[in-house]
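The values are calculated or read from the model by the stated rules, or taken from the named source; none is laboratory data. Remember, it's a predicted structure, so these values are computed and weren't measured experimentally. FYI the Cβ positions are ideal-geometry reconstructions off the backbone, even for glycines, and counts take in every protein chain you see.
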Amino acid sequence: MGSVDERIDAIGRQRFRARFHLRGRDRATAILRGPSRIRAHAHDLVAARLAAAHPRNDGKQTPYRGHPVFVAQHATGTCCRSCLQRNHGIAPGAALTPEQQDYVVDVICRWIEREVQT
Ligand SMILES: [Zn+2]
């Protein structure tokens, strides 16, 4: 597994993933809140919606807008457990370890950081 940037680049070459960008209110939220608060939100959202062995509404738990973390999850294939498996090799059916949660948060936050810079 390469660096987080290499992962994001590879996933961004999928046509579906490449469509996602931070725009409008979601972009403004990312800039306004700043990286450390966005990271805290990402931690909370991943823990609440993705980390369980069998997350509620898995496959449909991540809205397409309304928070920069949600957009980042679709862009990086961290929106549900099957996308997590396909894009990051994390098997479904078991709760995410703290290390796996940190990895997912790193991917989400790095994508947001890159979006805000462009
Ligand atoms: Zn998904």
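Restricting attention to the range 103-110, does a residue exist that is assigned to a loop (DSSP other than H, G, I, E, B) and either of a type in the set (A, V, I, L, M) or away from the ligand (no atom under 15 Å from the Cβ) (or both)? If you could, list the steps in order and put the result at the bottom.
Here is the first cut: in the range 103-110, the residues assigned to a loop (DSSP other than H, G, I, E, B) are none.
No, every residue in the range 103-110 fails to be assigned to a loop (DSSP other than H, G, I, E, B) and either of a type in the set (A, V, I, L, M) or away from the ligand (no atom under 15 Å from the Cβ) (or both).
For the range 24-53, which positions are touching a residue at least 12 places away in the same chain (Cβ under 8 Å) and part of a loop (DSSP other than H, G, I, E, B)?
50, 51, 52, 53 - these are the residues of the range 24-53 that are touching a residue at least 12 places away in the same chain (Cβ under 8 Å) and part of a loop (DSSP other than H, G, I, E, B).
Tell me which residues, restricted to the range 34-65, are farther than 24 Å from residue 94 by Cβ and either surrounded by fewer than 12 Cβ atoms within 10 Å (Cβ to Cβ) or within 13 Å of the ligand (Cβ to nearest atom) (or both).
Across the range 34-65, the qualifying residues are 34, 36, 63, 64.
So residue 11 clears everything in (1) closer than 24 Å to residue 116 by Cβ; (2) free of Cβ contacts under 8 Å to residues at least 40 places away in the same chain; (3) assigned to a helix (DSSP H, G or I); (4) within 16 Å of the ligand (Cβ to nearest atom) except one condition, right? Which one?
Exception for residue 11: condition (2).
What are the residues in the range 93-102 that are more than 15 Å from the ligand (Cβ to nearest atom) and either of a type in the set (D, E, K, R) or buried (at least 19 other Cβ atoms within 10 Å of the Cβ) (or both), if any?
99, 102
Which residues, taken from the range 73-92, are crowded, with 19+ Cβ neighbours inside 10 Å, not small (Gly, Ala, Ser) and not in a helix (DSSP H, G or I)?
From the range 73-92, those crowded, with 19+ Cβ neighbours inside 10 Å are 73-81, 83-84; that's our starting set.
From the residues that got through so far, the ones that are not small (Gly, Ala, Ser) too are 73-74, 76, 78-81, 83-84.
Correct list: 78, 79, 80.
List pairs: first residue in the range 76-104 and closer than 13 Å to residue 59 by Cβ, second residue outside any helix (DSSP H, G or I) and among the β-branched types (Val, Ile, Thr) anywhere in the structure, Cβ distance under 7 angstrom, at least six positions apart or on different chains.
79/62; 80/62; 84/78; 84/90
State yes or no: is residue 70 within 15 Å of the ligand (Cβ to nearest atom), in a helix (DSSP H, G or I) and either modelled with pLDDT under 95 or out of contact with any helix residue (DSSP H, G or I) (no Cβ under 8 Å at 6 or more places or on another chain) (or both)? Spell out how you get there, then give the answer.
Values: within 15 Å of the ligand (Cβ to nearest atom): yes; in a helix (DSSP H, G or I): yes; either modelled with pLDDT under 95 or out of contact with any helix residue (DSSP H, G or I) (no Cβ under 8 Å at 6 or more places or on another chain) (or both): no.
No; evaluated as a whole, the condition is false for this residue.
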